[in-house]
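Structure, as structure tokens:
The values are calculated or read from the model by the stated rules, or taken from the named source; none is laboratory data. These numbers were taken from a predicted model, which means no experiment stands behind them. Note: ideal-geometry Cβ built from the backbone for every residue, glycine included; neighbour counts use all protein chains shown. Ligands, DNA and RNA are excluded from the accessible area calculation, which covers all protein heavy atoms including side chains. Shrake-Rupley method; radii C 1.70, N 1.55, O 1.52, S 1.80 Å.
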Amino acid sequence: MVKLYVNPKVTKGHINPELQGHFSEHLGRCIYEGIYVGEDSDIPNENGMRTDVVEALKEIRVPVLRWPGGCFADEYHWRDGIGPKEGRKKMINTHWGGVVEDNSFGTHEFMELCRQLGCKAYVNGNLGSGTVQEMSEWVEYMTFDGVSPMADLRKENGHEEPWRLDYFGVGNESWGCGGNMRPEFYGDMYRRYQTYVRNYDSKKPVRRIACGANADDYHWTDKVLETVFDHGTGFMDGMSLHYYTLPTGDWSSKGSALDFDEKDWYRTLKATLKMEELIRRHSSIMDQYDPEKKIGMIIDEWGTWYDVEPGTNPGFLYQQNTMRDALVAGINLNLFNKNCDRVKMANIAQMVNVLQAVILTEGEKMIKTPTWHVFDLYQHHQDGELVESSIETKEAGLEDGYRIPDLSESVSLGKDGRLHVTVTNASLTESREIEGCFAESPVLSVKGRILTGDMRAHNTFEDPDAVHTVEFTDYTVEGNKVCFTIPACSVVHLAVEV
Ligand code: AHR
């Protein structure tokens, strides 16, 4: 029996709903086919957005959506995507598969999608190949309420009212596809560009997000902050971090999403656990410049990245999704919760049909992946208060390496007054008996759900419900204790009334 300690009297910070955010890029079949099929499609839609996909995303309460990229963002010129669709420019999406981008999904469509989802809007601007004027005018187009060239143009295009733009990214991966810059140069560019990201309505500020590091590039974080903080603060609301989980760590041969063994399982989860170190070390650099933690760490690209499914376009990054992805999701979402004093947003890459997607589509068919089910279990943490907790772990893994701690957890106090406990068990062979001690608080009731299965279990278009959550009843309650057994390879949510 291992112990889970929960102290309901000590809360440690607010869990922004945005920790469960998503990312949608003009890449492969994410936007086109996956979300947007156009008004004339036979697939049921509202203003071009697939009804089945929107409904499935609403179920997990998507809090925020990042768009249009990714690498695409720094090649995207927003004026190409407004106005009558027949007049919109066609271009080649050089970055992703060399396919024709007809710009039929642009600013108006993105904002309509956010409206349908009821989520916040996070637009990523083009610093790599766009001008300051272009970026500035996009923000004016979206948010200015009054008479101005851009506000008038928006009205001409059918949207009288400004939209609420919650977050704006000033460049994406500026160290790589976004311009191959050095951090000092990017820091200066950021200072300049963000100056013209105006807050036209001080009651609805646009939060500016600087491009942060690639994984463990701590030098980038330090130098960008040093450059931006050179003349005081107030320039930045968030700084991004990108980290992808690759089973092999080798970009030229990442490994298969479906065809993997126990060794791949453990090394993937070991790779994902690196997120803890990344958050800790980037945070400690941020603490030097921003000890009050006003600047959010925005992990706006995370998730698994495998070799594409055989026979699919290599530029489309389409991959299947198994219980391994469910564990990756559960472990990362627990980590984000535990670090909610600094981590203010995280966006899984990507929402539909790309990388670690929560939804996959094929023609008119749609399936929810194991990762969707984890977001479903964890949505109870949204807007909760992180509660002090810890769990005893044992080592899981193989004799010849790739050993990891078996369990991970986080606990929040929800708006419903219940404690929400999420636990993952990454062991492939051992279930764990856990004694949950809720300080001095007597436990009044418990409700649970579990996602479990074989490590390669996944949903297909032929068998869309092979992996799904069920009620979890394997627990007993006595006084202030809940004893429960978490099976190998599973993710559990308990709602505990104390
Ligand atoms: O998510 C796919 C790509 O990964 C994004 O376009 C880029 O930002 C990152 O390298």
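Of the residues 2, 200, 494, the one whose Cα sits farthest toward the positive end of the charge dipole of the chain, with +1 on the Cβ of Lys and Arg and -1 on the Cβ of Asp and Glu, is 200. Sparse packing (at most 15 other Cβ atoms within 10 Å of the Cβ) combined with a DSSP loop state is found for the following trypsin sites (Lys or Arg not before Pro) in the stretch 293-387: 293, 294. Sort out for me the Cα centre separation of the stretch 315-342 from the stretch 47-112, rounded to whole Å. So the separation of the two Cα centres works out to 24 Å. Were the residues from residue 46 through residue 161 laid out at 0.36 nm apart, the gain over their Cα-Cα distance would be 39.4 nm.
The radius of gyration of the Cα set in the stretch 98-183, together with its Dmax, comes out at 14.3, 41 angstrom.
Once the mean of 1/r is taken over each pair of separate Cα atoms and inverted, the stretch 53-102 shows a Kirkwood hydrodynamic radius of 13.0 Å.
Once both labels are positioned 7 Å from their Cα atoms along Cα-to-Cβ, the gap between residue 276 and residue 215 label points is 1.9 nm.
A Cβ-based charge dipole, computed about the Cα centre of the stretch 16-382 with Lys and Arg at +1 and Asp and Glu at -1, lands at about 800 debye.
So which trypsin sites (Lys or Arg not before Pro) in the stretch 402-498 end up in coil per DSSP with only 12 or fewer other C-beta atoms within 10 Å? Write down the numbers at each step before the final one.
On the way: sites: 403, 415, 418, 432, 447, 449, 456, 481; in loops: 415, 418, 456.
Of the trypsin sites (Lys or Arg not before Pro), the ones in loops of the stretch 402-498 whose Cβ has at most 12 other Cβ atoms within 10 Å are 415.
Please report the spacing between the Cα centers of the stretch 235-285 and the stretch 360-415 in Å, no decimals. A separation of 15 Å, based on Cα centres. Which of the cysteines found in the chain have nothing to pair with, since no other Cys Cβ lies under 4.7 Å from theirs? Lone cysteines by the Cβ rule: 30, 114, 119, 211, 340, 437, 483, 489.
Here's the picture: a label point sits 7 Å out from the Cα of residue 259 along the beta-carbon direction, and within the stretch 303-336 the residues with their amide nitrogen under 13 Å of it are 307-312.
Determine the percent antiparallel among the DSSP beta bridges restricted to the chain, to the nearest 5.
Values: 57 of 95 bridges.
Close to 60 percent.
For the chain, what relative contact order do you get, as a whole percent, if you take Cα pairs closer than 8 Å and at least 6 residues apart? In percent, rounded to a whole number, it is 19. Surface exposure of the chain, expressed per residue as accessible area with a 1.4 Å probe, stands at 39 Å². For residue 79, neighbours were defined as the other residues whose beta-carbon sits under 10 Å from its Cβ, and their charges (Lys and Arg +1, Asp and Glu -1) total -1. Extending 7 Å from the Cα toward the beta-carbon at both residue 461 and residue 250 defines two label points whose distance is 3.2 nm. For the stretch 1-41, the mean projected area of the C-alpha convex hull, equal to one quarter of the hull surface, is 7.0 nm². Here residue 216 sits with roughly 80 square angstrom of accessible surface, probe radius 1.4 Å.
To the nearest 500 deg cm²/dmol, what mean residue ellipticity at 222 nm is calculated for the chain from DSSP H runs of n ≥ 4 alone, each contributing -39,500 (n - 2.57), summed and divided by the residues?
Numbers: 9 runs with 117 residues, N = 498.
Result for the chain: -7500 deg cm²/dmol, rounded to the nearest 500.
Accessible surface ranking for 409, 184, 1.4 angstrom probe, highest first: 184, 409. The spread of Cα positions in the stretch 338-429, taken along each principal axis and listed from longest to shortest, comes to 46, 44, 24 Å.
A 1.4 Å probe, protein heavy atoms only, puts the accessible area of residue 416 near 90 Å². In this label model, residue 497 and residue 478 are separated by 2.3 nm, measuring between points 7 Å along each Cα→Cβ vector. Would you mind estimating how fast the stretch 132-228 diffuses translationally, via Stokes-Einstein at 37 °C and 0.692 mPa s with the Kirkwood radius over Cα pairs, in µm²/s? The diffusion coefficient I find is 226 µm²/s.
In terms of overall dimensions, the stretch 304-457 has a Cα radius of gyration and Dmax of 17.2, 57 angstrom.
Rounded to the nearest 10 square angstrom, residue 236 shows an accessible area of 20 square angstrom against a 1.4 Å probe. Taking max minus min of the alpha-carbon positions on each principal axis, the chain gives extents of 67, 54, 43 Å, largest first. Its Cα gyration tensor gives the stretch 242-344 an equivalent ellipsoid. The semi-axes, each the square root of 5 times an eigenvalue, are 30, 14, 11 Å from largest down.
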